[in-house]
2 protein chains.
Amino acid sequence: MTAGPRRKRSGMPDSPPPSRSRRPAPAGGGPQRATVQDVAEAAGVSTATVSRVLNGNYPVAAETRRKVERAVRSLGYVVNAHARALAGSFTRTVGIIVADVVDPFFAHIAHGVTRQAAEDGKLCLVCSTYGVLGGELDLIDVLNEQRAEAVVVVGGGAYDPVYSRRLAERAKALNRAGSWLILCGRPPLAAGVPTGVIDYDNAGGAFAVTEYLLGLGHRRILYLGGPEELSTHHLRLEGFRKAHAARGLPVDERLIQRGAFSRRFGYERTAQLLESGEAGGFTAVFGGNDNVAVGVLQAAREAGLQVPRDLSVVGYDDIPLASEVLPALTTVHLPLEQMGREAVRLAAVLRGEAEGSKDTRHLGTHLVIRDSTGAPSAPVG
Amino acid sequence: MTAGPRRKRSGMPDSPPPSRSRRPAPAGGGPQRATVQDVAEAAGVSTATVSRVLNGNYPVAAETRRKVERAVRSLGYVVNAHARALAGSFTRTVGIIVADVVDPFFAHIAHGVTRQAAEDGKLCLVCSTYGVLGGELDLIDVLNEQRAEAVVVVGGGAYDPVYSRRLAERAKALNRAGSWLILCGRPPLAAGVPTGVIDYDNAGGAFAVTEYLLGLGHRRILYLGGPEELSTHHLRLEGFRKAHAARGLPVDERLIQRGAFSRRFGYERTAQLLESGEAGGFTAVFGGNDNVAVGVLQAAREAGLQVPRDLSVVGYDDIPLASEVLPALTTVHLPLEQMGREAVRLAAVLRGEAEGSKDTRHLGTHLVIRDSTGAPSAPVG
DNA sequence: GCCGATACAGAAATCGCTTACTAGGTTCGA
DNA sequence: TCGAACCTAGTAAGCGATTTCTGTATCGGC
C-alpha cells in the first residue's frame, strides 16, 4: 500500500541479439513500401548515401547519384515524412485553425496561409472548429502533436479570462518546443506570452465606415453585430461608438443588436426590426461583417425597401461577395489573403528562418465605397 | 563497372556501446519537449506503461494510471505524432486535394471530408492545386509521404490518357502501401486500378435541367461550359445534348461556349455574346456551374435584361450562393458535404476499418426550381 | 498448501530516416 | 617524396513512440 519506491532496473542481457533479417515474413499481406534500406541495397550503396542524394545536402559523386536515382525510380520509393520528421529536426508543417473553411472570410485567409506555406516548401494543415469554442484549444494540441512549426489561429477571440489563460498555456507549450502560436486578426494575449500577432485596425475601420455614414447625414444607424463574446465584435462596436462620440452624438442602445456573424442573422433580425419597429427607426445599417450585411440587403428587398434610397447598408471585411451583390456593398476592405501570408512569414521570422523584425504586424484597412450607401431619407423600422 | 553484387554486412561490434545518458547537453538552447521517457521517469514506471496509459489498450492498475496521468499533466507532455506514426502502424490522417478551397463547390466538399474525418478521430490535410493541373500528382506524392490513409481527389478530372496513366500509377503506389485514392465527383480510372469512387450523375443532372428548359418551350439555349479538358464539363455537355436529342431537336454549335468555371467567364462571355449577337440569339442560358450562372445574371442585368422575363438562367451544383442571388437560381442540387463524408467513409470501408460494400458510390442529384427560369420570350444576343 | 490462471509491469526490439564520426583514396604544394 | 587538404562513402547512434516477449506477484480452487 505504500507508494512504491523507485525501482532499479536490472540491466543484464544474457543472450546476444540474434541477427535477424529485416522483414522476416514477406508472405504477410500487410502493406509494403520500399525503404531507404531497399534503395540502398538496390543501388549498392549505404543508406547514408541514399539520404544524401535525396536531400542534396552533401556531396555525392555524379555516378553514385545516378545509381541511387535509378533505384529510387524503379522501386517507386517515397520517403516517409514521419521518419524524416523524427530523425531530422523540423517538420516543415504549419497549421491553421479557423471557425469554418466555408466562410469566405476564413477561406481567403486560409488560402493565403496555404499558398505562402506551399511557396516556402511547407505543408499546411487546415483545421476547423465549426463554432465549438473549446475546439480551438483541442486543435492546437493536435497540431502540437503534429509538431507544426507554427499554429495560426484566425479570427476574433473570446474575451474570457479563463479562455485567454488556456490559450496562453498553449502558446507557451508550443514555444517551449520551438514552435509559435500566431494570432491572426485577433488582439494579443497578455504581455510576455510568446506569440506572433497579425492584426488590422478593427476599431479604426469601424470608425471610418461609421463616420462616413454620419457624414452622409445619417443619425440613426443600426449596428448588427456578431457574437457577444468575440473580440472582433467588441472592437467594431467600439469604433462605431467612437465615431458617434467624436461628433458628440449619442447612441441609442436599441440600435445595437447582437447575434451571429451570419447572413441568416442579418436577414432575420432586420426583418424582425422592420416589422416590429422596436429599434425606434433607422436610416442605415452597419452589418458586423459582409455576411450580415448581405442578409440585411435581402430583408430590405423583401420589405420593399430600395437600397440605398430608403436605407443605406454597409458591411465589413470586403469578401468578394460584397462586390457581387446588388447593390454592391460599401464596406471596409481587409487584406485577407495577405493576412494569411504574413502569418506564415512572421512565423518564419520568429523561428529565425528568415530575416525580419517585430513580433506584431499591423495591416491597413480602408473604406470601399460602392452602391449601397447614400443620403438618408425617412427612418424605417 | 559491374553492377555491384549485394554486399554482406559485416556485423562485428568490437566495443561495447558506451552507456550514454539521454540528452547530454541540457544547456543547449534547442527546443525541449517532454518525452515518454521523461514521463516514465517522473512517474517511476517504464515507457511501456506510459504508452499503455496513453492508449488505454492494455490493463494498467488504477494507481499506476493516476501516477502517469499526473506526470503527463505536470510535464505538459504531448505525444509526438510522428514517432507514433512510425512505431505504430497507422497515421489516422486523410488528405484531400481540391483546385481551390475558396471556391464554394470545393469548400463544401472539403467541409464534409474534414468533418467526417474529425468525427472518426482522424486528421485531415487539405491541399489546393490552384489550377495547376500537374499539381494534383505532386500533392498525391506529398500525401503519400505523409502516409495518409486515404487521398481524396475532388472535381472533374482531365480527359488525358497520359494524365490518367500517371494518376493510375499513383493510385497503385498508394494502394501498395495500404492507402486508397478516392475519386470524388470524377469518373473512374481504367478497370483494375485500385480506387474508390464517389460519383453523382453529372450527365443526368444536365439532362434534367435542359429537359426542364426545353419543356418550358426554350429552343435556343446557350451552354456556357467549363474548361475544355474537364470531365465535369464533358459530362454536363453530354446531358445537354442528350436532352435535345431525346426530343429530336438539333443543337446549334454556336450556342456551345467553353471557358473557365468562373463567375468572370460567365459574365464576360455573356456580355460579349449579347453585344455581338454571334451566337445567333438565345432565350435561356445553362451555366456550366453556379458561378458561371451568377456571372450570367450580372451580365443580363447590366444589359437591361430582366431574368426570367427576358432570359432564363440555370446553374449547376446548388452552392448556397445559388439561392442567395436575385433572382434565386434554378439549378441542379449536388450533395456536396455528403460527397466529402462518403469519401472518408468509403476509404474506411476499403481499408477494412468499417463495414460496407462496393468501391463505388453513386449519389443522387435533383433539379431545384427557383426564380430564374420561365417561359421564353424573344431571343436575345 | 500447491498450482495454474490472471493481472501488471519492464526490457528491448523495432519503425525509417538523418547525421555526426570515421576512414580510404586522390590531388597537390613544399 | 610526404603529408595536408579534399572528396566520397560507410558505420552506427539516435529521434520518440509502440509492442512483443518475459517475468513476477497475487489469487482462487481443490
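The values are calculated or read from the model by the stated rules, or taken from the named source; none is laboratory data. As the structure is a prediction and not an experimental result, all values here were calculated from the model. Don't worry about glycine lacking a Cβ; one is built from the backbone with ideal geometry, like all the others, and counts go over all protein chains shown.
Computed values, structure above
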{"quantity": "Hits in segment B:98-134 - residues which are within 8 Å of chain A (Cβ to nearest Cβ), closer than 17 Å to B:R345 by Cβ and in a loop (DSSP other than H, G, I, E, B)", "calculated": "none"}
{"quantity": "Pair list, Cβ < 8 Å and 6+ apart or interchain, from segment A:74-96 residues that are farther than 16 Å from A:G352 by Cα and in a helix (DSSP H, G or I) to residues that are near DNA strand C (Cβ under 6 Å from one of its atoms) and not hydroxyl-bearing (S, T, Y)", "calculated": "A:H82/B:L86; A:A83/B:L86; A:L86/B:L86"}
{"quantity": "Residue in segment A:228-242 that is more than 24 Å from the chain's Cα centre (by Cα), away from every other protein chain (no Cβ under 14 Å) and closer than 28 Å to A:Y130 by Cβ present", "calculated": "no"}
{"quantity": "Residues satisfying the stated conditions in segment A:210-233, i.e. in a helix (DSSP H, G or I) and in contact with a Gly (Cβ under 8 Å, 6 or more places away or on another chain)", "calculated": "A:T210, A:L216, A:S231, A:T232, A:H233"}
{"quantity": "Filtered residues of segment A:65-103 (kept if surrounded by fewer than 16 Cβ atoms within 10 Å (Cβ to Cβ) and among the aromatic types (F, W, Y))", "calculated": "A:F90"}
{"quantity": "Condition broken by A:G156, with the remaining ones in (1) within 14 Å of chain B (Cβ to nearest Cβ); (2) in a loop (DSSP other than H, G, I, E, B) satisfied", "calculated": "(1)"}
{"quantity": "Residue, farthest from A:I109 (Cα to Cα), within segment B:70-90, restricted to residues that are within 7 Å of chain A (Cβ to nearest Cβ) and within 16 Å of DNA strand C (Cβ to nearest atom)", "calculated": "B:L86"}
{"quantity": "Enumeration of residues in segment B:41-64 that are within 7 Å of DNA strand C (Cβ to nearest atom), part of a helix (DSSP H, G or I) and surrounded by 13 or more Cβ atoms within 10 Å (Cβ to Cβ)", "calculated": "B:T47, B:T49, B:T64"}
{"quantity": "Odd one out for A:V151, checked against (1) over 22 Å from A:T232 (Cα atoms); (2) of a type in the set (A, V, I, L, M, F, W, C); (3) touching a helix residue (DSSP H, G or I) at 6+ places or on another chain (Cβ under 6 Å)", "calculated": "(1)"}
{"quantity": "Residue within segment B:331-347 that is part of a loop (DSSP other than H, G, I, E, B), under 21 Å from the mean Cα position of the chain (by Cα) and in contact (Cβ under 8 Å) with a residue 12 or more places away in the chain present", "calculated": "yes"}
{"quantity": "Given (1) hydrophobic (A, V, I, L, M, F, W, C); (2) within 10 Å of DNA strand C (Cβ to nearest atom); (3) modelled with pLDDT of 95 or more, index of the condition B:I97 fails", "calculated": "(2)"}
{"quantity": "Residues located in segment A:174-196, provided they are over 12 Å from A:D359 (Cβ atoms) and more than 19 Å from the chain's Cα centre (by Cα)", "calculated": "A:R176, A:A177, A:G178, A:A190"}
{"quantity": "In segment B:311-330, the residues that are charged (D, E, K, R), out of contact with any strand residue (DSSP E or B) (no Cβ under 6 Å at 6 or more places or on another chain) and touching a residue at least 40 places away in the same chain (Cβ under 8 Å)", "calculated": "B:D317"}
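Table: residues versus (1) hydroxyl-bearing (S, T, Y); (2) under 12 Å from the mean Cα position of the chain (by Cα).
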{"position": "B:E69", "(1), (2)": "no, no"}
{"position": "B:F106", "(1), (2)": "no, yes"}
{"position": "B:Y130", "(1), (2)": "yes, no"}
{"position": "B:D160", "(1), (2)": "no, no"}
